[in-house]
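Here is the structure we will look at, set down as structure tokens.
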Amino acid sequence: DYRLLPSSGVGYWFYDTDPLKVMSEAGIGYEYTDYRDSDNDSKETVLATRVFLEKIVLGDSKIIEDLFLYPKIDDFSDYRLRSATVFRNPISNNLFLDLSLIEDYDSDPPRGTKKNDLRIITSLTYSF
């Protein structure tokens, strides 16, 4: 039904300019997952890592990659991965057409659940 992951850590911007933004974060978090089947609820300490990249391509269009990796502290082979890749095309100063490819992967999912979920999403995004 839901997942909570409060965490604390540090991050660093390697580049923070208009044509290129690159950032990384790492921290420790406590992950609580409440599944519909309450027998599978999990409470784990995880390493919370993130890499973010934004690059201008083709005029004012951008490629954005946001990658999260959550390995369990006691077993690094048990992890979750989330990758969100977005091609953002500006329509106006505040309105964008986004084409997103989102991959969620769980190395050890609950019984009866696939390891990965892949979505392609087209959206209009308004930024203010």
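Here is how the numbers come out for the structure above:
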{"quantity": "Estimated distance in nm for a label pair at S61 and R36, the labels positioned 7 Å out from Cα along Cα-to-Cβ", "calculated": "3.8 nm"}
{"quantity": "Largest to smallest accessible area among D1, D66, D75 [probe 1.4 Å]", "calculated": "D1, D75, D66"}
{"quantity": "Where Cα atoms sit under 28 Å apart: lysine pairs in the chain separated by 8 or more or lying on different chains", "calculated": "7"}
{"quantity": "Carbon/sulfur fraction of accessible area - the chain, other protein chains in place, 1.4 Å, %", "calculated": "56 percent"}
{"quantity": "Residue-normalised accessible area of the chain, given per residue in Å² at a 1.4 Å probe", "calculated": "68 Å²"}
{"quantity": "Spin-label pair T122/L97, simplified geometry with 7 Å Cα→Cβ offset, distance in nm", "calculated": "0.8 nm"}
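The values are calculated or read from the model by the stated rules, or taken from the named source; none is laboratory data. Because the structure is a prediction, the values reported are computed rather than measured. Here the Cβ is made from the backbone with ideal geometry for all residues, glycine too, and neighbour counts use every protein chain on show. Side chains included, ligands, DNA and RNA excluded: accessible areas come from the protein's heavy atoms. Shrake-Rupley method; radii C 1.70, N 1.55, O 1.52, S 1.80 Å.
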